[in-house]
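Scroll down for the structure; my scribbles are underneath it.
The values are calculated or read from the model by the stated rules, or taken from the named source; none is laboratory data. What you see is a predicted model, and the numbers here were worked out from it, not measured in a lab. Here Cβ is always computed from backbone atoms with ideal geometry, including for glycine, and neighbour counts include all displayed protein chains. Keep in mind that these areas ignore ligands, DNA and RNA; they rest on the heavy atoms of the full protein, side chains included. Shrake-Rupley method; radii C 1.70, N 1.55, O 1.52, S 1.80 Å.
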Amino acid sequence: MSLATTLGPLAAIAGGVGMTARMAYWSRQKPVARVETVTDWVAAAPNGLKASILVFCDRRQELMLWRELGFGSEKEGFPTVLGVEYTAYGLDVDVQMRGGHKVSDWTDQETLDAFAQYIGVPEVTAMSSFPGFIRVQVRVHDTLADPVPVPVPVEVPDHVDLEAVCAGVFEDGQGWTVPVQGRHILIAGGMGSGKSSVLWSLVNGMGPAIRSGRVDLRVIDPKGGMEFGYLEPLCTRFACTGEEEMVGLLEETVTDLQEATQRYRGKVRKPVPTPQNPLVVTIIDEAATLSAFSTPKMQARFERAHGLLLSQGRAPLYSVIETVIDPSKENVPQRQLLPYRVGMRMDEAAQVAMIHGQGARNRGSYCDRIPHSTPGVCYVQEDGKAGFARARAFMVTDADVDRIVAQYKPVPRPVDLADFAQGRAA
């Protein structure tokens with residue numbers, strides 16, 4: 001065999017030995033994971049989000065987006081995507097704004113529409129997550145599009161946390177709870193927006209406590225009882241037939257409030273609701289009927305009683321839940337005393353500021369964009385959290401109403417002779 005004919009086989013053998021040696025070496029080392037690329041991320045993304053992943057995860061595509069939308073240039077600089085995270089509705093994209101930008105530059109409706117068109121999704125929203133930073137929310141799926149049935153408990157023991165009453169679900173699937181104890185609640189929205197769904201959901205959530213007597217429910221229904229007349233068996237007080245009766249109930253509640261403060265004075269700073277000292281919850285449906293559309297004399301009486309109840313009621317276990325169609329200052333003159341606000345579908349962008357304050361749309365409240373097809377959808381501000389959370393109240397059917405009234409009718413409490421000494425019926 002000539003040298004020429006043997007070099008090839010020898011070289012092959014040598015190469016094989018070398019590869020065997022390398023494999024033997026690396027088998028004793030930790031495997032090195034392959035670095036994922038943008039192509040991998042795009043391939044793994046849902047079809048509706050492939051374009052978004054490409055744009056926000058590829059710096060070249062990102063810079064093209066900022067140029068096309070007028071957010072920056074090579075001379076002025078660009079915003080920077082800091083993180084991309086999948087959510088139930090699509091994506092959350094955290095962006096550091098370029099110097100000189102305002103939050104309103106990002107939350108402008110035309111800008112958001114341009115965003116959505118560029119990446120080919122149904123909707124984009126934006127909210128300020130921290131000074132100098134913006135969170136762009138890419139929405140391809142409405143997790144609140146379908147109604148959520150109200151929970152039907154098998155048993156009704158009173159374990160209700162009145163500082164976290166279940167009223168519906170947030171768009172991330174977590175339960176929406178409302179602090180009825182310790183807060184006054186304002187629910188605002190146009191006709192058919194689902195305000196009654198919120199009220200019935202709260203009543204259902206408080207139901208076991210109503211039945212046990214830990215909640216004393218009082219209702220003012222200016223619509224003659226058409227809406228909430230079914231609630232009367234659950235109430236200790238119910239008024240619906242005239243201004244005198246309805247404002248009179250509010251004044252009576254203020255008297256009870258003032259008596260309660262005397263009972264608690266010097267004895268307890270934060271009373272706990274019991275059947276003997278219940279949380280008194282007053283529901284006022286369509287409050288503007290009394291605050292704006294009644295006679296001047298009746299308006300003055302309402303405003304005085306309403307103000308006293310709101311300003312003094314929190315500590316001695318008195319809470320107010322009220323609804324209104326138009327949350328303007330004329331209709332809710334003391335709205336600053338109702339700190340927990342639920343914004344449902346609004347007809348005008350200006351009304352968003354009325355319910356959630358100036359700059360609310362910049363912080364994530366889009367009540368004016370809630371479609372008519374989703375009654376019960378709303379924006380709420382959670383305690384201790386920036387911005388607003390989107391939620392939907394439970395759907396309460398006529399059958400649910402019948403079940404709620406039958407299941408949670410208060411259990412008669414034993415006769416206490418001391419009540420008669422105070423001139424009251426037990």
Ordering of 72-79, 310-317, 277-284 by burial proxy (mean other Cβ atoms within 10 Å per residue, highest first): 277-284, 310-317, 72-79
Where N is the number of residues in the chain, Cα Rg divided by 2.2 N^0.38 Å: 1.38
Rounded Å value of the spacing that divides the Cα centres of region 349-379 and region 213-244: 29
Amide H contacts under 5 Å for Y89, placed H, 5+ residues apart: none
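With N denoting the number of residues in region 315-363, provide Rg(C-alpha) divided by 2.2 N^0.38 Å, to two decimal places.
Taking N as the residue count of region 315-363, the ratio is 1.21.
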Mean separation of Cα contacts under 8 Å (6+ apart) over length of the chain, as relative contact order %: 17
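Compute the signed sum of charges (Lys and Arg +1, Asp and Glu -1) over the other residues within less than 13 Å, Cβ to Cβ, of K270.
Counting the neighbours of K270, the net charge comes to +2.
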Where region 281-349 is the region considered: accessible area per residue in Å², 1.4 Å probe: 38
Whole-angstrom Cα spans of region 247-356 along principal axes, big to small: 48, 29, 20
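Net charge near V165, counting Lys/Arg +1 and Asp/Glu -1 over other residues with Cβ under 13 Å of its Cβ?
-1
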Overall form of region 189-263 per C-alpha gyration tensor (a/c, 1.5; a/b vs b/c): oblate
Residues with amide H under 5 Å from that of S129, placed H, sequence gap 5 or more: I134, R135
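Carbon and sulfur together cover what percent of the accessible area of the chain at a 1.4 Å probe radius?
About 56 percent, which is the carbon plus sulfur part of the accessible surface.
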Counted charge near H356, where neighbours are those whose Cβ lies closer than 13 Å (Asp, Glu -1; Lys, Arg +1): +3
Packing-based order for 84-90, 37-43, 51-57, using average beta carbon neighbours within 10 Å, highest first: 51-57, 84-90, 37-43
Two-decimal Rg to Rh for region 283-424 - Kirkwood Rh, Cα set: 1.05
Expected 222 nm ellipticity per residue - DSSP helices of 4 or more, -39500 (n - 2.57), all of the chain, to 500: -11000 deg cm²/dmol
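Taking only complete DSSP H runs, can you tell me which helices of the chain stretch 20 Å or more along their own long axis by Cα positions and average at least -0.5 on the Kyte-Doolittle scale?
3-26, 195-212
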Simple label model, 7 Å out from Cα along Cβ direction - M64 to A349, nm: 3.0
Cβ-based charge dipole, region 87-132, positive-most Cα from G120, M97, Q109: M97
Amide H partners (placed H, <5 Å) of I283, local residues excluded: R218, V219, I220, I321
Ellipsoid semi-axes in whole angstrom, largest first, where each is sqrt(5λ) of the Cα gyration tensor of region 127-174: 33, 18, 5
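What FRET efficiency do you get for R304 and V152 if R0 is 60 Å and r is their Cβ-Cβ distance, rounded to the nearest 0.05?
Efficiency, from the Cβ-Cβ distance: 0.90.
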Pairs of lysine residues in the chain - Cα separation under 29 Å, sequence separation of 8 or more or cross-chain: 16
